Amino acid sequence: MSDASPVLATDARRVAVMTLLTVLAGAVDAVSFLTMGKVFCALATGNVLFLSFGLVGEGDVPVARPAVAIGAFMAGAAVAGVVLTRLAERGRPWFPVGLVCEAVLLGCAGALALARHGTGAVPAQDDRGVVALVALAMGVRASTVLRVHVPGMPTLLSQTAIAELINDVLRRPRAALRGMTAKQRLARTRWTATVGGIFCGGVLGTLLLVPLGTGRALLVIAAVVLLLPVVGMAGSPREREPDPDSP
């Protein structure tokens with residue numbers, strides 16, 4: 001049996017699930033940035049920069065929306081971190097719970113946007129409630145995938161994956177996937193999936209979801225997130241415990 005078999009048998013589904021979640025994160029940021037007043041709900045780094053620009057008073061950048069997004073993101077990450085840890089300690093299926101919570105919050109954000117603004121975009125000067133709910137959902141996502149701990153696949157950002165991928169190619173410029181060990185192939189696949197996933201999510205979000213309007217776009221994303229545990233892709237908590245030996 002090749003060295004790839006045991007690794008791919010346990011990690012292929014993880015990579016698939018994390019890739020899909022990465023695509024959805026890119027779609028969330030496309031919807032939030034383009035229809036909710038230039039605020040990132042998944043990419044917290046962007047909001048930190050926007051907040052700093054706004055506080056200095058340069059670039060016509062608001063203070064309220066990035067501040068709300070940062071606060072909600074932190075709250076979602078904190079609550080999810082505590083709840084998921086307790087579920088794991090009791091042997092409960094914490095990973096599907098994290099996804100369901102994310103989907104519910106995104107669904108609530110979509111419903112709120114529809115109720116207040118119909119099928120259009122959220123007005124740029126408001127609605128902080130929608131921003132807060134989406135950022136809260138992304139905070140839950142952050143703690144969920146942190147606990148899953150698939151190296152190179154944080155699902156919410158791609159900077160590290162880009163650097164890792166570039167350095168790996170520079171170390172082995174002539175190595176094709178077939179010439180690598182299973183762990184090397186898996187690591188390169190993860191980094192590529194992260195970078196490509198964020199990009200594809202941004203493209204799909206811009207072309208397919210933004211035209212739907214904020215509310216309907218968020219409901220579509222929520223439905224896809226909810227589909228993962230429903231169809232059984234989320235797996236069991238034991239399958240999702242961090243693996244210190246993973247690349």
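Per-residue HN-Hα couplings for region 183-188, Karplus 6.51 cos²θ - 1.76 cosθ + 1.60 at θ = phi - 60°, whole Hz, x for Gly and Pro?
With the stated coefficients, region 183-188 comes to 5, 5, 5, 5, 4, 5 Hz.
Using heavy-atom solvent-accessible surface (probe 1.4 Å) with all chains present, what is the largest-first order of Leu204, Leu165, Leu186? Write down the numbers at each step before the final one.
Working: Leu204 80, Leu165 40, Leu186 5 Å².
The most accessible residue leads, giving Leu204, Leu165, Leu186.
Can you give the net charge of the other residues whose Cβ lies under 10 Å from the Cβ of Val225, counting K and R as +1 and D and E as -1?
Values: positive: Arg141; negative: Glu102.
Surrounding charge for Val225 is 0.
Once R0 is set to 25 Å, what does the formula 1/(1 + (r/R0)^6) return for the Cβ-Cβ distance between Val63 and Val203, expressed as a FRET efficiency to the nearest 0.05?
Plugging the Cβ-Cβ distance into 1/(1 + (r/R0)^6) gives 0.25.
So how exposed is Ile166, as accessible area in Å² (1.4 Å probe, rounded to 10)?
Per-residue accessible area (Ile166): approximately 90 Å².
Counting only protein heavy atoms, what percent of the accessible surface of region 53-163 is carbon or sulfur at a 1.4 Å probe?
Carbon and sulfur: 65 percent of the exposed surface of region 53-163.
Given all pairs of different Cα atoms, what value in angstroms does the Kirkwood hydrodynamic radius of region 7-165 take?
Across region 7-165, the inverse of the average 1/r is 16.3 Å.
The values are calculated or read from the model by the stated rules, or taken from the named source; none is laboratory data. Predicted model, so just to flag it, every value in this text is computed and none were measured. Here Cβ is always computed from backbone atoms with ideal geometry, including for glycine, and neighbour counts include all displayed protein chains. Note: areas computed on protein heavy atoms with side chains; ligands, DNA, RNA excluded. Shrake-Rupley method; radii C 1.70, N 1.55, O 1.52, S 1.80 Å.
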